[in-house]
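The values are calculated or read from the model by the stated rules, or taken from the named source; none is laboratory data. All figures in this text were calculated on a predicted structure; none of them were measured in a lab. A quick note on method: Cβ atoms are made from the backbone with ideal geometry, for glycine too, and the neighbour counts reach across all protein chains shown. Just the protein is used for accessible areas: all its heavy atoms, side chains included, with ligands, DNA and RNA removed. Shrake-Rupley method; radii C 1.70, N 1.55, O 1.52, S 1.80 Å.
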Amino acid sequence: MNEDKRAEQQRLDGVVSIIDEQIVSSQQAYEEAHAETRAVEGNYLNNISINTIELDDAMETNAEVQQQRNIVARVVETESIMKKVVDTLTDLRPSPYFGRIDINESGEQEQLYIGIASLQDGQQDFLIYDWRAPISGIYYNGTLGPVTYPTPAGEQRADLVKKRQFNIDDAQIVNMFDTNETVGDEMLQYALGQENDSTMRNIVATIQQEQNAIIRDTTSDLLVVQGVAGSGKTSAILQRIAYLLFHAREDLNSDQIVLFSPNRLFSAYIADVLPSLGERNMRQVTLAEFLSARLQGLKVQSLFDRYEDGPNRGDSASNMIRTTLESATIFTYLAEYVQQLTATTIRFADINYQGSAFFTSTAMERIFAELSPAYSVRERVVQTQKRLDERLSRRIERMVNDDWVLEALNNMDEYQYNDLLDEEVAEKVAEEDSIADTMALAGKRYLERSLQSVADAIYNGFFFDVYEQYADFLSYLAERNPEQSDWWLAKQERFLRELEYHRIDLEDATPILYLRDLLSGYGTNQAMHYIFIDEMQDYSMAQLLYLRHAFPNAKFTLLGDSEQALFRPVEKPASLLKRYSEAFTAQSPTLVVLNKAYRSTQEIMNFAKALLPDGDQIVSFTRSGEKPQLALTDREHVQAKLSQLVDQQIDKWKTVAILTKTQVQAEQVAEMLADYPQAVQLLTADDRTRTAQILIMPIYLAKGLEFDAVIGFDVSANNYPDQLANGLLYTLASRAMHELILISVGTVTPLIERVAPTLTWLA
Ligand SMILES: Nc1ncnc2c1ncn2[C@@H]1O[C@H](COP(=O)(O)OP(=O)(O)OP(=O)(O)O)[C@@H](O)[C@H]1O
């Protein structure tokens, strides 16, 4: 061991023993806090069982309960803080830091160690700086020489005199490098050479400079990341979320961040990254789940269903209609359509209660018609809604003394009655001190509960039939565009037919939701601060705009790779940004382009790049492996060939994925391997977890994922006849980290034939 390493190990030992001491003391503090919580909770439970119906006691009880509640909240908070301290220290212990920077500031030299969380000693000196601290930015951005870092007083200058990287395992320095690179190659080589386990890891030790720009961006309201396959887009946004949470602790929590992920498997795949950085996961949802939640009762066609149907199955007329419905223009059409609606053309719908109309559509029409046309349609709908709400309140007031209500109250046992008169009501009653008032309030509360569905229908804008309204909108478009009239009417017919089966095409989902929101004034979630959209190339402009509308206060990060588009043509990053910023009316849009691919070996990337018309702009990280292989076979021998290739791969790697073009082909492959001696898992869009070493799935389900070895099944000319499939093959190839094998049943696709030299052809 050389002198430097010995000295570093000595320092590390010192840090580890401080961590150990702090673990002991914070564990003790945690246990004390836990005991206190238990005691206070017990006390609280005793107190709230006091009968709040004893009116004289009610006021006092309330004040006491409130006080107890505050105490509980405080001790619970202390306990959870202490728990977090213990967890963080325990996470830090095996590998407390990964970097060191020595800086010289006005003649004073300082050594800073950087890890996943900060650590201070008894004198409040920093033994470790959190990787997200402003000064830690130097580690990722700076090369030796003059550097700057942000401080509250402005940019601070310093000289970076040393940068050192550590690989620490179980509190021992495995190796360390001094480097002048931003973050040197050795560490990255080591990280990328690892085998894949089914979950993604954090990359904080080796974040690259261009990725750092994404992670530390706090000013853009629209951040667009165009990055080639395996360039670390997903990694970068997860570290970005950790960074944002750290910097806005007071104002931001993980529930205010939503990540739209490409599929459910992906959600599970990335689930460990934020917890490994000591943060809670953000919310995750797929577009299909988001749309289905807003269109309950209907089965919304997913991108995968559409893909399985075939991209070009429809004729050119229905493709044209689909293009319009998925463009930004549809929002303008909808706004104009809503503007010209009248009392009779709005499809008001009865609000029912216990099987009959509580408010009829005719009553609503009347209310709407009486409102001044000087107001916009939306304002009149909002007014109508308000009036309905007032009518509901008045009807409740009138019904309070109805026999059936009094009877219902009389039939209640004490528990039900108490439940009806919660603290708030009891407090009010105590003030007024009258039994008659108590009954009236109880009756009112009872009616409010019984009629909750009516109130909800008013509140949620379910007093018009949005599906009929949308069908009407399609006729409106037919009238507006006479030369395409038949096409729009055919669309309307299809829409109504599908509706009968409770199904709806993907392209109809966002216009319907927007129409509903335009009329009801609802549908927006003000609480979300950040929205991340992964695989942005698979979203239509209308879908993106709808999300913008649904989360009006959020900053958006869109990331993807236009080369991996399922069917869309490739678009240049600058034009992408322009299109998105205009549509989003972004004030401070930023584009980050990532051209370096980290996931796959150079040989795999050489093949993947060659498939693309402008693939030479992709730079692959220099990590070497086997050249991809192509096996030609025929129907008769395919099963044996496949088993043989799987045998070879599972001997070498932890995860082997067989990727097919469609789900049907995935099922065929699963059948071929039905008797395979090891577990084989066939995955579908509904699956959330992968468990086997050998996985089979269609390419679109593998989006965002990676595997040690990939076997691309049936890359024949039959299966991939034309240029449109380039993106698919590129996506397939770039899922492989270390090894790629392709099987063609019959003649290989010309797309691969063209790039023959990048492959080894197997006999
Ligand atoms: N700076 C880095 N340090 C270590 N590993 C990295 C780094 N950047 C990327 N990687 C690794 O490269 C692989 C690809 O990263 P990631 O999945 O984030 O890329 P992506 O751009 O989202 O890919 P795709 O678009 O193909 O799904 C992952 O294994 C990731 O851990």
Tell me the strands (runs of 3 or more DSSP E) entirely within the range 587-673 that contain at least 3 residues that are buried (at least 17 other Cβ atoms within 10 Å of the Cβ), at pLDDT 95 or above and touching a helix residue (DSSP H, G or I) at 6+ places or on another chain (Cβ under 6 Å). 656-660
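To keep it simple, each residue is scored yes or no on (1) of a type in the set (S, T, N, Q); (2) surrounded by 13 or more Cβ atoms within 10 Å (Cβ to Cβ); (3) in contact with a Gly (Cβ under 6 Å, 6 or more places away or on another chain).
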residue: Ile114; (1), (2), (3): no, yes, yes
residue: Gln124; (1), (2), (3): yes, no, no
residue: Ile138; (1), (2), (3): no, yes, no
residue: Leu144; (1), (2), (3): no, yes, no
residue: Ala153; (1), (2), (3): no, no, no
Whether any residue in the range 19-41 is exposed (fewer than 13 other Cβ atoms within 10 Å of the Cβ) and at pLDDT below 85 is what I want to check. yes
Here are some conditions: (1) hydroxyl-bearing (Ser, Thr, Tyr); (2) open to solvent by 10 Å² or more (accessible area, probe 1.4 Å); (3) within 16 Å of the ligand (Cβ to nearest atom). Tyr676 meets all but one. Which one does it not meet? (3)
Which of the residues belonging to the range 77-101 are assigned to a strand (DSSP E or B) and basic (Lys, Arg)? Arg100
Among what's in the range 370-389 and is free of Cβ contacts under 8 Å to residues at least 40 places away in the same chain and of a type in the set (S, T, N, Q), pick the residue that is farthest from Phe463 (Cα to Cα). Ser372
If we ask which residues in the range 471-500 are touching a residue at least 60 places away in the same chain (Cβ under 8 Å) and among the hydroxyl-bearing types (Ser, Thr, Tyr), their number turns out to be 1
If Asn212 passes every condition in (1) farther than 30 Å from Arg249 by Cα; (2) touching a residue at least 12 places away in the same chain (Cβ under 8 Å) but one, which one does it miss? (1)
For Ala717, the lone unmet condition from (1) open to solvent by 40 Å² or more (accessible area, probe 1.4 Å); (2) without any contact (Cβ under 8 Å) to a residue 40 or more places away in the chain; (3) not charged (D, E, K, R) is (1)
Close pairs (7 angstrom Cβ cut-off, 6 or more residues apart or separate chains): assigned to a helix (DSSP H, G or I) in the range 505-534, among the polar types (S, T, N, Q) and modelled with pLDDT of 90 or more anywhere: Thr510/Gln543; Leu515/Gln469
Kindly indicate whether Thr199 is open to solvent by 10 Å² or more (accessible area, probe 1.4 Å), in contact (Cβ under 8 Å) with a residue 60 or more places away in the chain and away from the ligand (no atom under 14 Å from the Cβ). no
Is it true that Tyr337 is open to solvent by 10 Å² or more (accessible area, probe 1.4 Å), touching a helix residue (DSSP H, G or I) at 6+ places or on another chain (Cβ under 7 Å) and assigned to a helix (DSSP H, G or I)? no
Only one of (1) more than 16 Å from the ligand (Cβ to nearest atom); (2) under 27 Å from the mean Cα position of the chain (by Cα); (3) of a type in the set (S, T, N, Q) fails for Thr731. Which number is that? (1)
Have a look at Leu576, Leu513, Leu559 and point out the one that is touching a Phe, Trp or Tyr at 6+ places or on another chain (Cβ under 8 Å) and within 16 Å of the ligand (Cβ to nearest atom). Leu559
Answer from Ile367, Ile346 - the residue that is open to solvent by less than 60 Å² (accessible area, probe 1.4 Å), within 30 Å of Leu451 (Cα to Cα) and touching a strand residue (DSSP E or B) at 6+ places or on another chain (Cβ under 7 Å): Ile346
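For (1) more than 10 Å from the ligand (Cβ to nearest atom); (2) at pLDDT 90 or above; (3) touching a Phe, Trp or Tyr at 6+ places or on another chain (Cβ under 6 Å), each residue gets a yes or a no:
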| position | (1), (2), (3) |
| --- | --- |
| Asp169 | yes, yes, no |
| Val183 | no, no, no |
| Ala191 | no, no, no |
| Ala213 | yes, yes, no |
| Asp217 | yes, yes, no |
| Val225 | no, yes, no |
